[in-house]
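Here the structure is laid out as structure tokens; the discussion comes afterwards.
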Amino acid sequence: MLSELFRQKLENAEVIPSPSAGKAVMTRVGRMEFLRFNPQRFNIWYAGGIVAAGTVLAIILFSGNGEESKKVTDTPESGKIVITDDPGTAIAPSENQKPAARYQSNAKESINMLAVPSVPEEVKEAEGIIPVQKHNVPSRPEVTGTLPGNGLFQETTGEKGRLRIVNQGSDMIEASVTEGCSPLKVAFGNIAPASDSCKWSFGDGGYSYKKNPEHIFDTEGKYEVTLQIFDAKGLQSVSSSVIMVHPRPIARFEILAGNEIGPDDGISFINYSTDAIKFKWDFGDGNTSDLLQPRHIYKSSGNYDISLVATSENGCSDTLVVSNTYSGSGYFINFPNAFIPNRGGPSNGYYSPASDEAAHVFHPVYSGVSDYQLRIFSKLGMLIFESNDLNIGWDGYYNGKLSEQGVYIWKVQGSFVNGEPFTKMGDLTLLKY
Amino acid sequence: MSDHQIIEGCSKHDRKAQKMLYDRYSRFLMGICLRYACDRAEAEDILQDSFIKIFFNIKDFTGTGSFIGWLRKVAVNTAITHYHKNLKFRYCVEIEEFTSTETGIASFEEDFFTSDELYKVLNELPAGYRMVFNLYAVEGYKHKEIAEMLGIDMNTSKSQYSRAKAVIRDKLNTLRRLKTNYSADG
């Protein structure tokens, strides 16, 4: 029999599997063992634990580092100014001076060399910073300053009297403009010798240590710009000059499209400009106007860029351009997307925009429509309403019966008074309450 | 190392014992798997899955029955799982083209065919026939058990078995003819 033949031959037959099968089995076992929890051997749980512990350790170390670095940054803020000196800089050392390469200048000193943090580029340039070491100085009557050529300094109130003011006037200041509209950018020039150092105050709180700075005056006003110049001997000269900044007008307008735009109706513009006395309108079709609030009639429909230039009494001006403003003829027809028919019975669709506030009739809002045909279809495509009269909309009834709540399709065709045809379609939702 | 020690080691997930178990029984299990597969590659897939099952479920072996019997059972069950898993990829031949052609010689001499040839015949069978034939003829399960294992009707099992027999007989007859012709020519 067949079954006996197979059983005897094959029941305990042995076939040598390929060596790769054995390897594959052991690899898979190894992988699964790795994923299995077993406290006796390294597996994914141990690996996960190591990773977690490492992360925690890293976080601890990191936060520790963070505190340390904070401490480092704190030190300079403790009130002392540390200036690292160039070894090559020649200094006349005072007797109190420590031989270290760092000098600490006391804050009470009459002249402090300050690295002003807001002007970092000057800090880099100021290689020759020399702190004037004057510890316990009351015995010395005067500072015959070893003022640096390029250095930065700030004078404190106590020192002011000792500096002699040599010159006064505006002859050291050159300004690109002295009068203009805000925001006004002025380029200042300084005709003092290049070796002298200077400080500019612009009168609006701004200042600069550059020789020829530029400054922008943001708001209108009268600003007195002061220039202090220190020559090599520490002598100071002061120059000042006045900059007038006029307010800039703001051009603003609104385009008022009337509700009833006929062929000869124009468009009104409402002018909201401020600080201006003169106006120049450009309607984009070649016509201009100087009126405050002009009215303009466009001959043909199209897109126009309307611009208004408003000029103040000081000659400052501002321009507002509204692009592609006035497109089309101003004629339109629009439909709502829902209405609520009156359950009291058919109204034959007569409506007036004023009386139909409850939206009992589905009707358009329109302007300049001459020809008109409105058709309304059910979702199945059945024509249930048609009107060629603009004053008759759909009251929601079909053959004397109120239609079902739901979505209907409308299509309107016609033309405007200028002969331009229109076709629109959309859906509307009939609501019942 | 005795079977007992190997089982002990495997239940502790000892890699050495696992390797030993594999080396000792892989050929025997491969012999089973090859009967249920259409080729060696599939047989080795089943073999791998079987060993994974054996390694991770060796605690379920109570030690009361024979270890070999347990291994065989695992392998057969794995083969059935494999058959179910791959069922949708197979092209099922259910046409009655194999209706019994028992006209040939009813009995086959045991030693006329090598086991390699028998394996080949089995491998060429449609999967459903092969499963039923193996389980019924070689493993010795009842049709009722086979129906439960494969999730088919008992009568399906019976009819598939008889069809499988017919196909095998056909193939063996062809084989015999070829062999005798060849030896006669030779």
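In table form, for the structure just shown:
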| item | result |
| --- | --- |
| Column: log10 I(q)/I(0), Debye, Cα scatterers of the stretch A:332-430, q = 0.16, 0.19, 0.24 Å⁻¹ | -0.62, -0.88, -1.37 |
| DSSP-assigned coil residues among chymotrypsin sites (Phe, Trp or Tyr not before Pro) in the stretch B:129-186, each with at most 13 further Cβ atoms within 10 Å | none |
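None of the figures in this text is laboratory data; all of them are computed from the coordinates on show. Remember, it's a predicted structure, so these values are computed and weren't measured experimentally. Neighbour counts are summed over all protein chains in view; Cβ atoms, including those assigned to glycine, are modelled from backbone coordinates with ideal geometry.
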